[in-house]
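**Student:** Let me begin by handing over the structure; questions about it come next.
The values are calculated or read from the model by the stated rules, or taken from the named source; none is laboratory data. Not measured: the values here are computed from a predicted model. A quick note on method: Cβ atoms are made from the backbone with ideal geometry, for glycine too, and the neighbour counts reach across all protein chains shown. Remember, those area values only see protein heavy atoms, side chains included, never the ligands or the DNA or RNA. Shrake-Rupley method; radii C 1.70, N 1.55, O 1.52, S 1.80 Å.
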Amino acid sequence: MRSNNTVYPYIPNSAPKTKERMMNALGVTEIMDLFEAIPDHLKYTAPLDLPEPIRDEYSIRRHLETLLNRNRNCQDFINFLGAGCAQHFVPAVCDEVSGRGEFLTAYAAEFYADHGKWQALFEFCSLLAELLDVDVTSGFLYDGLQAVATSLRMACRMTGRNEILIPGTVSRDARRVLDNYMAGIQGPQFHIRTIGFDRESGQMDLADLSARISKKTAAVFVENPSYLGFIEPQVEAIGEIARRHGSEFVVSTDPISLGVLAPPAQYGATITCGDYHPLGLHMQCGGGQSGFIGTSGEMRYVMEYKDKMYGLTPTSVAGEHGFANILFERTSFGSREKAREFTGTSNALWAITAGAYLALMGPKGMAEVGQTIMQKAQYAAAGISRINGVRLGLSGPFFKEFIVNFDGTGKRVADINRKLLDHQIFGGKDLSSEFGMMGESALFCVTEVISQASIDCLVDALTAILA
Amino acid sequence: MQVGHKRRLRDFHQARWDEELIFELSVPGERGVLVPEAEEKIRRVAGDGISTIPAHLRRKTPPALPEVNQPRIVRHYTRLSQETLGVDVTPDISLATCTMKYSPKVQEHVVSRHPGITQVHPLQDEDTLQGILEIYYQLEQFLKAISGMDHFSFQPGGGAQAIFTNASVMRAYHASRGESQRDEVITTIFSHPANPAAAATAGYKVVTLMPDERGLPSLEAMRAALSERTAGFLITNPEDTGIYNFNIDKYVQAAHDAGALCAYDQANANAVLGIARARECGFDLCHFNLHKTFSAPHGCMGPALGAAGVTEALEKFLPVPRVTYDGKTYHLDDDRPHSIGRVRSFIGNVPVALKAYAWIRQLGGEGLREVARCSVLNSNYLEKEVRRIPGVTVHYAEGRRRLEQVRFSWETLKEETGVGTEDIKRRIADFGLQHYWTSHHPWVVPEPFTLEPCESYSKADIDEYAAVLAKIAQEAYNDPEFVKNAPYRSTVHKIPDQYIDEADRIAITWRQYLKKGLNRVPHEGDE
């Protein structure tokens, strides 16, 4: 055993001579004397039940690679999974930016030593604001679901009301996050009511909305494009109903759609939110998720953001830009339990990366990528729905995701997807338990990175499996 | 180069590019990247693709994003990165309460490049995720050994969200026992502010205990705060002062006697890895920040992962899905009726979990203990050096050893020279060191600064850090105005107001800045 004599490359003062010099400086002969503050009965002296270490760098690398090689991935397989995490084009520059050691290893320090970090974060918020057509954004939420949850609590705080109306088409996972985030000690702090939807189109039932909205309604929430893929064409009317009742109109959107789809603020959304993982981030098994919120610059909105915000401000030298904390008391760093909600470390590196993505894409890139996605998704939907017994689950326009119904084939989605794996294809997300009323249905996602050949391959495979 | 106080101070100047904002680089017509186009056959079948959008939902005016060529964008971001001092650039002894350690390059290279993680979709069939699920399962076993807890969830996207998860579990536990009258939690002022804030978000009222002369809340104060309304006790230990609450098991016992649960904030567990565990103290819940204690990098403030740990009795409340193992295959179990539901999408921040797994595998149990030993050694050594600097004091617990960090005070320096901690914080950037962390609000310790030379830093790094502080203190006594107007060798100069609350001065985005005409506000001294 090398035990105490091991010198660890990441622990400089594990070198025995240095350690001894430092202990001498402190006048201790036994290093555990430094832990006198911890009573003996609370000390843990048994060996930790951990595997033998893999000390050298080459071996740990091989070990990790061996484990990761056990996964299949969307480079080797053709992927049609989306449902909140989609496979998009990641420019090399984005990887270059997120891989810069200075950004990767910086933290929360303030405005001088890390000026570049502050500028990059300010630019991200500014670029996102242009995409959303709003004046204020925050990109520091854990993910899109948290962004929805916080947007709805912002609306409750602003209106002093405690009821939220959401569409029946949100995902089960979104509902789980919302239910927990709105819960309280003795029943919910904020009540969630579900509005019905049209079975054919997925669109919100406006009669149900009108019947259920009241002076208790803090917010009407819509996803556009929706979780089920469709574009909700009634958003202006929904926003109008919300406004008439003094409610906020909260819209969650897919930012990569906004080169071709109108940003929610242009059709009346007062709070826009979503997940910016499509903007230059790899899927990473869900590690690229990051949430944003955008609103007008009116103070009644700005005051309700929960996370830190930073603004451009002059320095003592004329013409020089610096950065400052905005309305710090809103945050739990400023006022602990009196804060709007809790905040903490979330996704700043991804904000910087997504900023680089928007800078690279520019207005033309965003329009083009939206168009390519829609062309490919429509081509795929047309091809799949020509297969015997297969039809699209919803009528009406969609962006990158659409429901495929297999009821006419007599086969289950789970079985079809298992067989697709033999063709090295990840089929669409199985909705049969999540949305039972839709029968044997799957949610397919097609993006700009899926080639015509891959789509044709899917259609051929499905045709063979369903024959 | 000599070491110790005679060491020559570094002749440093931070990169200063006077770099434009990205919007100022826009040249109409330039492109940064070209995106895939639909193939010819797709265009023939699907047409333009966008005609299906109802007319009123089409974007009519393109977003006012800048148009910039790719070389200039790369240069822009490289310059901004040069104007940033991460751990790869400078020893980050400054940001205590949040240990800032070295993140091994080997883990970064694998995790950010291997398609077995970067190109994996979280909803893939579990048979195609066996590598990641094995790492999740094994990492859970590791953290169980390190903490003595029985189960962990890796879903929370950061430490604060892990505290929220634990508060949600607490809420579900009491509700399951018909004890929803428990609507209060107790914490301490030197516990991280996410503890009171996350509990309040979950609906709890918060009682905060203040320290006595030992720097710790008295056990009597704790007992007085407990009642049949207490749901939980949330505490960081060692607290932000570096002082370990030696009576912690008695506080936990008192809370248990009152029917409350106890949650241990171990976001920064550097002092106790392999030395002391949540289990022996009696805790019911704990959390670790894997992007901190377990070496995943901070990324300017995320991506992050807070691992939430609980005892057996609370396991059924953890978020879904749970990773299970049947002896052959790993599974995702989504069917758990008592679960609080979810706090985040999918199974959490997988890359961060992978890095933490790699780090623990490299160090093993004895290596983790060496982390704690060297962290505490380093902090005690730095403390000894810093205490020698004129103007520095250390509040509380005189004569007792702190663990991995120390909250110091420039109170005396401020009284004697007028130079306070915010001034020194700015000046320190002139020496190539990261601004130090003062303290969370409110400042219970006057003119605070909190340092943590974790295991990643060498004796030479620590000596240099102490020498810089000594030099600045000397400057404060000789020429206080000089320190007050710092920095001089940073990217930018002193910012008169670092906190802005007035609506007409708030510019969170470039368009808001332009709309408010802040670009046209005449600067003091301008004609």
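**Student:** What shape does chain B take by its C-alpha gyration tensor, where a ≥ b ≥ c are the square roots of the eigenvalues and a/c under 1.5 counts as rounded, a/b above b/c as prolate, and the rest as oblate? Let's see the in-between values first.
**Tutor:** Working: a/c = 1.59, a/b = 1.02, b/c = 1.55.
Cα axes put chain B in the oblate bin.
**Student:** Using only the heavy atoms of the protein chains and a 1.4 Å probe, how would A:Glu52, A:Glu401, A:Glu240 rank by accessible area, largest first?
**Tutor:** Greatest to least solvent exposure: A:Glu52, A:Glu240, A:Glu401.
**Student:** Pop a pseudo-label 7 angstrom from the Cα along the beta-carbon direction at both B:Ser227 and A:Arg70 and give the gap in nm to one decimal.
**Tutor:** Roughly 5.2 nm, to one decimal.
**Student:** Each residue of the stretch B:249-256 in order: what ³J(HN,Hα) in whole Hz does its phi give by Karplus 6.51 cos²θ - 1.76 cosθ + 1.60, θ = phi - 60°, with x for Gly and Pro?
**Tutor:** So the Karplus estimates, Gly and Pro as x, are 5, 6, 5, 5, 4, 4, 5, 4 Hz.
**Student:** Can you work out the FRET efficiency for the pair A:Met299 and B:Glu126, with r the C-beta to C-beta distance and R0 = 51 Å, to the nearest 0.05? Mind showing how you got there, number by number?
**Tutor:** Working: r = 48 Å, r/R0 = 0.94.
With a Förster radius of 51 Å, E is 0.60.
**Student:** Follow-up. If you place +1 on the Cβ of every Lys and Arg and -1 on the Cβ of every Asp and Glu, how big does the dipole about the Cα centre of chain B come out, in debye to the nearest 20? Walk me through the numbers before you get to the answer.
**Tutor:** Numbers: 61 positive and 69 negative charges, 137 e Å.
Approximately 660 debye in magnitude.
**Student:** Please provide three numbers in whole Å: the alpha-carbon extents of the stretch B:272-417 along the principal axes, with the largest listed first.
**Tutor:** 64, 34, 32
**Student:** Can you tell me how much longer the chain between A:Met437 and A:Glu329 gets when fully stretched, taken as 0.36 nm per residue apart minus their C-alpha distance, in nm with one decimal?
**Tutor:** 34.2 nm
**Student:** Now a separate question. On a 1.4 Å probe surface of the protein chains, which of A:Tyr58, A:Tyr357 comes out largest in accessible area, and what is the full order?
**Tutor:** Per-residue accessible area, sorted high to low, gives A:Tyr58, A:Tyr357.
**Student:** Compute log10 of I(q)/I(0) for the protein assembly as shown with the Debye formula, placing one identical point scatterer on every Cα and leaving out solvent, at q = 0.05, 0.08, 0.09, 0.11 Å⁻¹, to two decimals.
**Tutor:** Scattering profile of the protein assembly as shown, log10 relative to I(0): -0.28, -0.75, -0.96, -1.46.
**Student:** What list of ³J(HN,Hα) couplings, whole Hz, do you get for the stretch A:50-64 from phi and the Karplus terms 6.51, -1.76, 1.60, once you set θ to phi - 60° and write x for glycine and proline?
**Tutor:** For the stretch A:50-64, the Karplus curve yields 10, x, 3, x, 9, 6, 7, 5, 4, 6, 5, 4, 4, 4, 5 Hz.
**Student:** So if I place +1 on the C-beta of Lys and Arg and -1 on the C-beta of Asp and Glu, and nothing else carries charge, what would the dipole magnitude of chain A be about its Cα centre? I want it in debye, nearest 20.
**Tutor:** 640 debye
**Student:** Then there's this: So what's the back-of-envelope 222 nm ellipticity for the protein assembly as shown, counting only DSSP H runs of four-plus at -39500 (n - 2.57) apiece and dividing by all residues, rounded to 500?
**Tutor:** -11000 deg cm²/dmol
**Student:** Step through the table entries A:Lys306/B:Lys425; A:Lys43/B:Lys101; B:Lys144/B:Lys355, compare each Cα-Cα distance with 21 Å, and write down the pairs that go over it.
**Tutor:** In this structure, A:Lys306/B:Lys425; A:Lys43/B:Lys101 lie more than 21 Å apart at Cα.
**Student:** So for the protein assembly as shown: antiparallel DSSP bridges make up what percent, rounded to the nearest 5?
**Tutor:** DSSP beta bridges in the protein assembly as shown are roughly 55 percent antiparallel.
**Student:** Then there's this: Which whole-angstrom value gives the distance between the alpha carbon centres of the stretch A:6-20 and the stretch B:80-118?
**Tutor:** Distance between centres, Cα-based: 21 Å.
**Student:** If the label point is 7 Å along Cα→Cβ of B:Tyr488, which residues in the stretch B:423-438 have backbone nitrogen under 19 Å from it?
**Tutor:** Output list for this probe position: B:423-435.
**Student:** What does the structure give for B:268-281 when I average, per residue, the other chain Cβ atoms found within 10 Å of the residue Cβ?
**Tutor:** Mean partner-chain Cβ count within 10 Å for B:268-281: 3.
**Student:** Measuring from centroid to centroid over Cα atoms, what is the spacing of the stretch A:131-207 and the stretch A:411-457 in Å?
**Tutor:** When both Cα centres are located, 28 Å separates them.
**Student:** Size of the stretch A:19-60 along its principal axes in angstrom, Cα-based, largest extent first?
**Tutor:** Cα extents, longest axis first: 39, 30, 11 Å.
**Student:** Report the local net charge at A:Phe35: Lys and Arg +1, Asp and Glu -1, summed over other residues whose C-beta lies under 9 Å from its C-beta.
**Tutor:** Overall, the nearby charge balance is +1.
**Student:** Work out the charge dipole of the stretch B:364-485 with +1 on the Cβ of Lys and Arg and -1 on the Cβ of Asp and Glu about the Cα centre, then indicate which of B:Val371, B:Ala470, B:Val445 is farthest towards its positive end.
**Tutor:** Sorting the options by dipole projection puts first B:Val371.
**Student:** Compute the accessible area of each residue in the stretch B:109-150 twice, once for its chain alone and once with every protein chain present, using a 1.4 Å probe on heavy atoms, and list those whose area falls by at least 50 Å².
**Tutor:** In the stretch B:109-150, residues shielded by partner chains: B:Val110, B:His114, B:Thr118, B:Gln119, B:His121, B:Leu123, B:Gln124, B:Thr128, B:Ala145.
**Student:** Taking every Cα atom in the stretch B:364-485, find the radius of gyration and the maximum pairwise distance Dmax, and write them in Å.
**Tutor:** 14.7, 51
**Student:** How about the stretch A:383-467: which trypsin sites (Lys or Arg not before Pro) there are in a DSSP loop, with at most 12 other Cβ atoms within 10 Å of their Cβ? Before the final figure, lay out the partial values.
**Tutor:** On the way: sites: A:Arg386, A:Arg391, A:Lys400, A:Lys411, A:Arg412, A:Arg418, A:Lys419, A:Lys429; in loops: A:Arg386, A:Lys400, A:Lys411, A:Arg412.
Loop-located and lightly packed - A:Arg386.
**Student:** Tell me the label-point distance for the pair B:Asp333, B:Asp257, using the 7 Å Cα-to-Cβ offset, in nm and rounded to one decimal.
**Tutor:** Distance between label points: 3.6 nm.
**Student:** Could you compute the net charge surrounding A:Asp143? Neighbours are other residues with a C-beta less than 11 Å from the C-beta of A:Asp143; K and R count +1, D and E count -1.
**Tutor:** 0
**Student:** Still on this model: Name all residues of the stretch A:384-418 having a backbone nitrogen under 16 Å from the label point set 7 Å from the Cα of A:Ala464 along its Cα→Cβ direction, giving them as ranges.
**Tutor:** The answer is A:416-418, whose backbone nitrogens lie closer than 16 Å to the label point.
**Student:** Quote the total accessible area buried by chains B and A together, excluding ligands, DNA and RNA, probe 1.4 Å, nearest 100 Å².
**Tutor:** Protein heavy atoms only, the B-A interface buries about 18900 Å².
**Student:** Continuing with the same structure: For the stretch B:111-362, state what percent of all Cα-Cα pairs lands in each successive 5 Å bin, counting from 0 Å until the bin that includes the largest distance.
**Tutor:** Calculated over all Cα pairs of the stretch B:111-362, the distribution is 1, 6, 14, 19, 20, 16, 11, 7, 4, 2, 1, 0 percent.
**Student:** When the convex hull of the Cα atoms of chain A is projected onto a plane and the area is averaged over all directions, what value comes out in nm²?
**Tutor:** That works out to 29.5 nm², a quarter of the Cα hull's surface.
**Student:** Taking 0.36 nm per residue of separation and subtracting the Cα-Cα distance, what length does fully extending B:His109 through B:Ser180 add?
**Tutor:** Extra length from B:His109 to B:Ser180 when fully extended: 20.7 nm.
**Student:** May I ask for the distance between the Cα centers of the stretch A:37-80 and the stretch B:463-486, given as a whole number of Å?
**Tutor:** Centre-to-centre distance over Cα atoms comes out at 44 Å.
**Student:** If I model a spin label as a point 7 Å beyond the Cα along the Cα-Cβ vector, how far apart are those points for A:Arg193 and A:Val317 in nm?
**Tutor:** 5.9 nm
**Student:** Each residue of the stretch B:37-51 in order: what ³J(HN,Hα) in whole Hz does its phi give by Karplus 6.51 cos²θ - 1.76 cosθ + 1.60, θ = phi - 60°, with x for Gly and Pro?
**Tutor:** Result, ordered by residue: 9, 5, 5, 4, 5, 5, 4, 5, 6, 9, x, 7, x, 8, 5 Hz.
**Student:** Continuing with the same structure: For the stretch B:419-527, give the magnitude of the charge dipole about the Cα centre (Cβ charges: +1 Lys/Arg, -1 Asp/Glu; no others), in debye to the nearest 20.
**Tutor:** 420 debye
**Student:** Setting aside same-chain residues fewer than 8 positions from A:Lys411, which lysines have a Cα under 28 Å from its Cα?
**Tutor:** Here the lysines satisfying the reach criterion relative to A:Lys411 are A:Lys376, A:Lys400, A:Lys419, A:Lys429.
**Student:** Could I ask something else about it? Please work out the ratio of the alpha-carbon Rg of the stretch A:195-244 to 2.2 N^0.38 Å and round it to two decimals.
**Tutor:** Against the empirical 2.2 N^0.38 Å value, I get 1.10 for the stretch A:195-244.
**Student:** Related question: When the accessible area of chain B is computed with all protein chains present and a 1.4 Å probe, what percentage of it is carbon and sulfur?
**Tutor:** Carbon and sulfur atoms account for 49 percent of the accessible area of chain B.
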